[in-house]
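Visitor: Dumping the structure here so I can ask a few things about it.
The values are calculated or read from the model by the stated rules, or taken from the named source; none is laboratory data. A quick note: this is a predicted structure, and the numbers were derived from the prediction, not measured. Here Cβ is always computed from backbone atoms with ideal geometry, including for glycine, and neighbour counts include all displayed protein chains.
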Amino acid sequence: MKQMDLTGMQFDRLNVIKRDGYLSNGVGFLKAWECLCECGNIVRVRSHSLVSGGSKSCGCLTSEKTIERSVTHGLSKHPLYNIWAGIKQRCGLTKCVKENHLRFYKNCGMYKKWHNFEPFYKWAIDKWEPGLDIDRKDTLSGYYPNNCRFVTRKVNNQNSKRGKIWFIEGKRFESSIDAAKYFGCAQSHIYFMCHGRKYKSGKFIPPKPNCYAIRRYPCQKS
């Protein structure tokens with residue numbers, strides 16, 4: 001039976017130029033055609049691959065789709081992308097987190113929709129400004145829209161699990177830095193006022209009366 005002449009026919013991105021011998025399909029040999037791809041490449045393709053739709057380009061179409069899948073939003077260089085990636089790491093959703101890092105963020109959850117960057121970006125873009133960090137209002141809870149905000153690095157550090165509230169001579173300070181500024185002294189001096197100071201000789205100077213510090217968030221049992 002006479003086979004169809006495909007010369008001049010268009011199959012997706014491939015335009016058939018002429019008949020060009022045979023190509024193996026692993027079992028036998030099938031008629032092959034020389035084709036010009038829309039990108040400019042010339043390839044040889046079997047008749048069945050053209051007619052069945054198995055071959056749609058010289059390979060450029062597959063490459064383009066692969067790139068589209070790997071870069072879906074085009075925002076990987078935006079500062080918010082690094083913030084989002086950091087949240088995923090702290091929540092143990094990536095493989096590049098050290099065990100001791102995970103201990104500090106134990107039981108830290110992340111809003112399920114934020115597992116993909118685009119929903120997080122849409123929530124954050126009108127709240128974030130350059131220089132601000134993501135912060136959880138309640139440090140003992142997870143990264144969820146109603147528990148997250150963007151704050152300065154100073155506020156973020158104060159609101160950490162390790163953060164302390166300092167009480168000195170009847171006054172309350174959100175950080176030892178604030179207390180040091182108020183009293184016009186070094187931050188280390190505030191520490192000694194509240195915790196005392198021990199020298200290598202064994203001598204110990206106790207804390208000053210009415211000076212102490214407490215954890216902002218009490219230790220939680222595992």
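Visitor: Does the range 91-99 contain at least one residue that is modelled with pLDDT under 90, in the same structural domain as Thr139 (by TED's automatic domain parsing) and not in a loop (DSSP other than H, G, I, E, B)?
Guide: Yes, that holds for at least one residue.
Visitor: Let me ask something additional. Among the residues of the range 101-125, which ones are at pLDDT below 90 and small (Gly, Ala, Ser)?
Guide: Listed by number, the list holds a single entry, Gly109.
Visitor: Restricting attention to helices (runs of 4 or more DSSP H) lying wholly within the range 135-222, give those where 2 or more residues are over 28 Å from Trp123 (Cα atoms) and at pLDDT below 85.
Guide: Ranges flagged: 176-183.
Visitor: Now for a separate question. Condition (residue is at pLDDT 85 or above and surrounded by 12 or more Cβ atoms within 10 Å (Cβ to Cβ)) applied to the range 60-71: is it met by at least one residue?
Guide: Within the range 60-71 (the criterion being at pLDDT 85 or above and surrounded by 12 or more Cβ atoms within 10 Å (Cβ to Cβ)), the answer is no, since none of the residues qualifies.
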